[in-house]
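The structure appears right after this line, and notes come after that.
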Amino acid sequence: MALQGTMHAPCTTGRVVRRAVKVSAVAATPTPARTPASTGSVKRAMTMTEKILANHSDNASVKPGDNIWTRVDKLMTHDVCGPGTFGIFQKEFGPNAQVWDNERVVIIPDHYIFTSDARANRNVDILRDMATKYNIKYFYDITDRSNFRANPDYKGVCHVALAQEGHCKPGEVLFGTDSHTCNAGAFGQFATGVGNTDAGFILGTGKLLIKVPPTMRFIMDGEMPEYLLAKDLILQIIGEISVAGATYKAMEFAGSAVEGMNMDERMTICNMVVEAGGKNGVIAPDQTTFDYVHARSQEPFQAVYSDGAANFVADYKWDVSKLEPLVAAPHSPDNRKTARECSDVKIDRVYIGSCTGGKTEDFISAAKLFYRAKRQVKVPTYLVPATQKVWADVYTLPVPGCDGKTAAEIFEEAGCVTPAAPSCAACLGGPRDTFARMNEPEVCVSTTNRNFPGRMGHKEGQIYLASPYTAAASALKGYVCDPREYM
C-alpha cells in the first residue's frame, strides 16, 4: 500500500465516556425484622478484576479501595530479583522454613544471562541453589551459556515463557518480581508485578494483602488496517492518557479489534499497561484463549467476565481503522507521534525483541514487510527471539504469503544480524557485553517497552518505541519510517 496524503498532526480520536447513574427513591415494602447474621452480603456488579480478587479472597464481592488478602496461584521470579526474594524469605521465615507450595513457584533466568559478568552469573547460581533447596518444580535452568540450545530446560524471557509453558490461565492470580508481569492479563487473569519483600512474603504464605483497583475500559472497535499491529494500539492509549493516566488502576481491553487478535498480540497490549501506571491489564478470555491454554496445560481454571452493570471509572473508545502507525519518541512511552511526523529522524540501528516485541507474531510481521519490500536494511538490525520456542519458530515456520520461506531466511536476505540467543538482552541495557547493548549514543527504533535515558545502555541514546512493522520499515530506510511505504 503506497503512502498518500499530506502531513498532519496525530489523530486523536479517543473519547472519554463517563457514566451517569440515575437513582430513584421508592417506598420500601415492609419486611419482617431480621438479625444482621441472617441478612448475608448484597451481591454487586463487578468488573473482571474485581471478580477474580473476590474469588481469591473468599468474598461475595469486592469494590475498589477494599484491602483484601488474596490467595496466589503462581509466583514468578527471575535472576535479577530472585536471589533477593529468597534472601528475604529466609530472613523473615527462618532457615528451616519451606515455601508454601513448590509447584506454584516459577523461576525463570532471563535478564543477564549471556554475559561474562561474574555477579550476573552468580545470580543464576544462587537461583539454582534455591531451586534445589526448596525442591522447586519449575526452574528453567541454564548451565551452558556458550550454546543455549544445549540447555533444554532454559526458556528465555519470563513473561513469554510463562505463557508458553502453561502457567497463565483465566481467572487466576499471578504475581511476579517484574513490572511486566501484567503481560499475563491477556489470558483473563489478574497479573501484576511486586517487589522482593512482597514476593518473599508470598513464598512463605501463598497470600498477599492488596488494594482492589478501580477499572478503566478501553474499547477498540473496527477492522485493523494491514499496516497496524497491537503495539500501535497500546501506544495510542498510553499517548492519550499519559504514563500516569492509569496509576493503580486495572485496564480492561475490549472491542472487535481486540477480539480478533491472537494471543501474542493480546500479550503486547497487556504487557505495556505498566507504562501507563496501571496495576494490571486484562482481556476477556474467549475460544482463542482457551485453545492456547488447553494446548499447554490440563489444569482446570475458572474464567470470569465483567458484569454488564459493572462500574468503570472511565471508558475510552476508538475506531482502529482511523489510526495511524505510531512511535513513542524519546524519552517517554507517552511521547506519542505518528511515524510520518518523525520521518526526518535518521537512525543508527533497529532492535526487534523483548517480552513486548520478541514473540513469534512479531518476527513473522517484520519478515512479511521485509519480504514485500525485497530490499536490504540500511542500519544494523538486531533480532532477539524471546524464548527458545520463538527462536525455533523463526527458523522453521513458513511465513504466510512468502513462498514458503522462514523468517530466518527472509532476515538473512534482508541483511539483518543473525538472531541471537533468547533473553531480555539489550531491552534493559545490562552488562557492557550484552548482545546489542547501546554502548554509544545512538538512535534506535525498538519494539521494546521503555525509552527512558539509559534504558538500553548509553544514557545519551535515543529510543523510538514502535511496532515490528515500523521497526522493519525504519531498518530499510535508515530513518523512522511509516510501514505503509513498503506495504
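The values are calculated or read from the model by the stated rules, or taken from the named source; none is laboratory data. Keep in mind it's a predicted model, so treat the numbers as computed, not measured. When we count neighbours, we look across all protein chains shown, and the Cβ atoms used for this are built from the backbone with ideal geometry, even at glycine. Only protein heavy atoms, including side chains, enter the accessible area calculation; ligands, DNA and RNA are left aside. Shrake-Rupley method; radii C 1.70, N 1.55, O 1.52, S 1.80 Å.
Do you know which residues across the range 368-397 are assigned to a strand (DSSP E or B) and among the polar types (S, T, N, Q)?
Passing the criteria: 381, 387.
Looking at the range 412-431 only, could you name the residues that are surrounded by 24 or more Cβ atoms within 10 Å (Cβ to Cβ) and either on the phi < 0 side of the Ramachandran plot or not aliphatic (A, V, I, L, M) (or both)?
Across the range 412-431, the qualifying residues are 416, 422, 423, 424, 426, 427, 430.
Tell me which helices (runs of 4 or more DSSP H) are completely within the range 230-302 and hold 2 or more residues being surrounded by 24 or more Cβ atoms within 10 Å (Cβ to Cβ), modelled with pLDDT of 95 or more and of a type outside the set (A, V, I, L, M), or say none if there are none. Steps first, answer last, please.
Working: elements: 230-241, 256-259, 263-271, 287-294.
Of the helices (runs of 4 or more DSSP H) lying wholly inside the range 230-302, those with at least 2 residues that are surrounded by 24 or more Cβ atoms within 10 Å (Cβ to Cβ), modelled with pLDDT of 95 or more and of a type outside the set (A, V, I, L, M) span 230-241, 263-271.
I'd like to check something: does the range 116-129 contain any residue that is crowded, with 17+ Cβ neighbours inside 10 Å, outside any helix (DSSP H, G or I) and of a type in the set (Ser, Thr, Tyr)?
Checked the range 116-129: no residue is crowded, with 17+ Cβ neighbours inside 10 Å, outside any helix (DSSP H, G or I) and of a type in the set (Ser, Thr, Tyr).
Please work out if residue 99 is among the hydrophobic types (A, V, I, L, M, F, W, C), crowded, with 17+ Cβ neighbours inside 10 Å, closer than 24 Å to residue 186 by Cβ and at pLDDT 95 or above. Steps first, answer last, please.
On the way: among the hydrophobic types (A, V, I, L, M, F, W, C): yes; crowded, with 17+ Cβ neighbours inside 10 Å: yes; closer than 24 Å to residue 186 by Cβ: no; at pLDDT 95 or above: yes.
It is false that residue 99 is among the hydrophobic types (A, V, I, L, M, F, W, C), crowded, with 17+ Cβ neighbours inside 10 Å, closer than 24 Å to residue 186 by Cβ and at pLDDT 95 or above.
What pairs come out if I take residues in the range 154-182 that are under 23 Å from residue 198 (Cα atoms) and pair them with residues that are among the charged types (D, E, K, R) and part of a loop (DSSP other than H, G, I, E, B) whose C-beta lies under 6 Å away, six or more apart or interchain?
Between residues of the range 154-182 that are under 23 Å from residue 198 (Cα atoms) and residues that are among the charged types (D, E, K, R) and part of a loop (DSSP other than H, G, I, E, B), the close pairs are 157/110; 158/110; 160/359; 161/155; 172/73; 173/73.
Which residues, taken from the range 78-99, are outside any loop (DSSP other than H, G, I, E, B) and either under 12 Å from residue 134 (Cβ atoms) or out of contact with any Leu (no Cβ under 8 Å at 6 or more places or on another chain) (or both)? Spell out the reasoning first.
Let us first name the residues in the range 78-99 that are outside any loop (DSSP other than H, G, I, E, B), namely 82-93.
Within the range 78-99, 82, 84, 85, 86, 87, 88, 89, 90, 91, 92, 93 meet the criteria.
Kindly indicate the residue of the range 368-390 that is closer than 24 Å to residue 180 by Cα and in contact (Cβ under 8 Å) with a residue 40 or more places away in the chain and also nearest to the chain's Cα centre (by Cα) among those meeting that condition. Even if it seems obvious, please write down each step before you answer.
From the range 368-390, those closer than 24 Å to residue 180 by Cα are 382-390; that's our starting set.
So of that shortlist, the ones also in contact (Cβ under 8 Å) with a residue 40 or more places away in the chain come out as 382, 384-390.
Details: 382: 20, 384: 16, 385: 15, 386: 12, 387: 14, 388: 18, 389: 17, 390: 16 Å.
Checking each candidate, the answer is 386.
Scan the range 434-457 residue by residue and report those that are part of a loop (DSSP other than H, G, I, E, B), over 19 Å from residue 157 (Cβ atoms) and either in contact with a helix residue (DSSP H, G or I) (Cβ under 9 Å, 6 or more places away or on another chain) or not hydrophobic (A, V, I, L, M, F, W, C) (or both).
Result: 439, 440, 441, 442, 453, 454.
Considering only residues that are over 18 Å from residue 274 (Cα atoms) and among the polar types (S, T, N, Q), look in the range 329-370 and name the one that is most open to solvent (accessible area, probe 1.4 Å).
The qualifying residue most open to solvent (accessible area, probe 1.4 Å) is 343.
Applying the selection to the range 458-469, what residues are surrounded by 22 or more Cβ atoms within 10 Å (Cβ to Cβ) and not in a helix (DSSP H, G or I)? Talk me through it step by step, then tell me what you get.
Step one: list which residues in the range 458-469 are surrounded by 22 or more Cβ atoms within 10 Å (Cβ to Cβ), which gives 461, 463-469.
Listed by number, the residues that qualify are 461, 463, 464, 465, 466, 467.
Give me the residue from the range 48-86 that is within 20 Å of the chain's Cα centre (by Cα) and acidic (Asp, Glu) and, out of that set, least open to solvent (accessible area, probe 1.4 Å).
Keep residues of the range 48-86 that are within 20 Å of the chain's Cα centre (by Cα), which gives 48-49, 52, 72-82.
Next, only the ones that are acidic (Asp, Glu) stay: 73, 79.
Working: 73: 25, 79: 2 Å².
Filtering the range 48-86 for residues that are within 20 Å of the chain's Cα centre (by Cα) and acidic (Asp, Glu), the one least open to solvent (accessible area, probe 1.4 Å) comes out as 79.
Of everything in the range 204-261, what is out of contact with any strand residue (DSSP E or B) (no Cβ under 7 Å at 6 or more places or on another chain), among the polar types (S, T, N, Q) and farther than 29 Å from residue 340 by Cβ? Give them in sequence order.
Those that are out of contact with any strand residue (DSSP E or B) (no Cβ under 7 Å at 6 or more places or on another chain), among the polar types (S, T, N, Q) and farther than 29 Å from residue 340 by Cβ: 205, 247.
Pick from 141, 198, 110: which is open to solvent by 30 Å² or more (accessible area, probe 1.4 Å) and of a type in the set (Asp, Glu)?
Just one listed residue meets the conditions, 198.
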